[in-house]
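One structure is given below, encoded as structure tokens.
The values are calculated or read from the model by the stated rules, or taken from the named source; none is laboratory data. Quick caveat: nothing in here was measured; it's all calculated off a predicted structure. Ideal geometry is used to build each Cβ from the backbone, glycine not excepted, and the neighbour counts take in all protein chains shown.
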Amino acid sequence: MNNNNYQRPPWWFIIIIIVMLLPLFSWVGVITRVLEDYDKYDTVSILFFIMPLYAVLSCYYAYKSYEARKELSWILLCVLLLSYAGCYFLL
């Protein structure tokens, strides 16, 4: 007998998560810009390399925690949005 009571988040929340992952498609351009001007970005360059992993994990945890703690999911996505803004501000 399977007692798996996991319910998926609503479809509109899944679309928001996908939209939050869309900036990763342009991340190759960001990395090439950082590598070209490496002397300018030497202290913060690790942030640009870790950011895709952070974005994927943030969206994954927001998806998984939506049913139990909706507020946590929204906080994760807001912090991810602020992280994107911070990375683009550094460029």
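Output the residues belonging to the stretch 32-91 that are acidic (D, E) and under 18 Å from R8 (Cα atoms).
Scanning the stretch 32-91 gives E67, E71.
Exactly one condition in (1) more than 18 Å from P23 (Cβ to Cβ); (2) at pLDDT below 95; (3) touching a Phe, Trp or Tyr at 6+ places or on another chain (Cβ under 8 Å) is false for S73; which is it?
It is condition (2) that S73 fails.
Can you spot a residue in the stretch 60-74 that is touching a Leu at 6+ places or on another chain (Cβ under 8 Å) and of a type outside the set (S, T, N, Q)?
yes
For (1) loosely packed, with under 10 Cβ neighbours inside 10 Å; (2) part of a helix (DSSP H, G or I), each residue gets a yes or a no:
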| position | (1), (2) |
| --- | --- |
| P9 | no, no |
| F13 | no, yes |
| V30 | no, yes |
| L35 | no, yes |
| L47 | no, yes |
| Y66 | no, no |
| E71 | yes, yes |
| L81 | no, yes |
| Y84 | no, yes |
